[in-house]
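The values are calculated or read from the model by the stated rules, or taken from the named source; none is laboratory data. Since this is a predicted model, take the numbers as computed values, not measurements. Virtual Cβ from ideal backbone geometry, glycine too; neighbours counted across all protein chains shown.
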């Protein structure tokens, strides 16, 4: 039985879905490794999730977790910081931060020009600002997320895998 599947699933919608969500959260937090390994894995995933490399974020997160000796599954879960609901605000913020750090760069050409010529017209001016902003946001969020995860795990107790404590 998958770890996020409950033994007896009633044929309803709400309570069974909530129960599965809790079981999945418990399973994620019950991953093996020290508290530091789990926190490093989550931090690696959060860092990679802040970059606009769609389709590669999970692989990059797992690779970074391997280099940092972190938990691979929590690294994959950490990349969920960027999802269809957060793509636009996250990358807009990253780009604006990059513009603040590097200066405004090439102005936005407008939707008409983009439809005709594509994003390639913006080139390095846009990409450098987005990548710099993603790096800074990723570092801050990864350090904060990893530290909070480690604190939470430490408060849970040495062998506790229960996220509620």
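Go through the residues of region 143-157 one by one and say whether even a single one is modelled with pLDDT of 90 or more, under 17 Å from residue 40 (Cα atoms), within 12 Å of the chain's Cα centre (by Cα) and surrounded by 12 or more Cβ atoms within 10 Å (Cβ to Cβ).
Yes: region 143-157 contains one or more residues that are modelled with pLDDT of 90 or more, under 17 Å from residue 40 (Cα atoms), within 12 Å of the chain's Cα centre (by Cα) and surrounded by 12 or more Cβ atoms within 10 Å (Cβ to Cβ).
Can you name the residue in region 97-113 that is at pLDDT 90 or above and in contact with a helix residue (DSSP H, G or I) (Cβ under 7 Å, 6 or more places away or on another chain) and is also nearest to residue 145 (Cα to Cα) among such residues?
To start, the set of residues in region 97-113 that are at pLDDT 90 or above comprises 97-102.
Filter once more, keeping what is in contact with a helix residue (DSSP H, G or I) (Cβ under 7 Å, 6 or more places away or on another chain): 97-99, 101-102.
Details: 97: 20, 98: 21, 99: 25, 101: 23, 102: 26 Å.
Top of the filtered list is 97.
For region 1-53, which residues satisfy the criterion of being part of a loop (DSSP other than H, G, I, E, B) and modelled with pLDDT of 85 or more? Spell out the reasoning first.
Quick first cut of region 1-53, residues part of a loop (DSSP other than H, G, I, E, B) only: 1-13, 30-34, 50-53.
Matches in region 1-53: 34, 50, 51, 52, 53.
Regarding residue 87, is this residue within 26 Å of residue 44 (Cβ to Cβ), surrounded by 18 or more Cβ atoms within 10 Å (Cβ to Cβ) and at pLDDT 80 or above?
Answer is no for this residue.
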